[in-house]
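First comes the structure, then the notes that go with it.
Each value in this text was obtained by applying a stated rule to the coordinates, not by laboratory testing. Note that the structure is a prediction, hence the values are computed from the model and not measured. With ideal geometry, Cβ positions are generated from the backbone for all residues, glycine too; neighbour counts draw on all protein chains shown.
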Amino acid sequence: MLTRILMGLGLVVVTGCTINITTEREHEGFEHEEWREDKERHEWDGDHHDRHDHHDDHHEEWREDKEHHEWHGDHRDHDHHDDGEWSGFITEHCWHTEAVREMAAGYCEGEYGAFHDLISPEAQIFVNDLEFSKSGWIESFDEGRAPFDDIRHEDMVVTTMFYNNDRMFTNMWYTWKGVVKETGNELSIRGYATFEWDGERVVGFYNAFDPTEYNGVSSEDG
């Protein structure tokens, strides 16, 4: 069954990690879009930084709204710090991010040794809300892979979040693909996985995806 296979991963130690965030593009949150639309409606007021020719109610309303949503702006230009418990720094360039990428590659290649080294024996492991022990999870990988050839992950996005409350998670979005041995058809399933770290040990894992198609293949194979 798919709940026993999708995210097996093998890990290689990669040195070096920075938690200084480099934002490639501005945050496109709902409030930011609302602010942008409001700004465009009042664009006729001209350059609000250099000109003071318009002091009507529309201009003041725009200024107040802009100030209220300032933190949604371009973080490359604003030195913003958020002390919130679940705020912090996010990066795709660090040891933990690379570790998860290598973990995913190891799963696809059938190499699981790093799991034994880097996952804590007491780690909480959930796959679609089913709980596994460390050993049970790792042992299930080959069984789950058996009906497929050319297993791989595509469209991967992997980032690590360092929260102000001292918790750290690496998040992975991916498309799992495999060729069904009996039919030659390719199966494609979108998924998400998160790894919680304590230093260089995984202490929590959660994987979510729709297992419907995979379970059908496993039933036919078994």
Going 7 Å from the Cα of ARG152 in the Cα-to-Cβ direction, what parts of the stretch 188-202 have a backbone nitrogen less than 15 Å from that spot? 188-189
When only DSSP loop residues count, what GluC sites (Glu not before Pro) in the stretch 133-192 have their Cβ near at most 11 other Cβ atoms within 10 Å? GLU182
With 10 angstrom as the radius, rank PHE195, PHE141 by how many other C-beta atoms surround their C-beta, starting from the fewest. PHE141, PHE195
Per-peptide average of other Cβ atoms within 10 Å, ordering 197-205, 97-105 highest first: 97-105, 197-205
Using a cut-off of 13 Å between beta-carbons, work out the net charge of the residues near LYS177 (Lys and Arg +1, Asp and Glu -1, LYS177 not included). -3
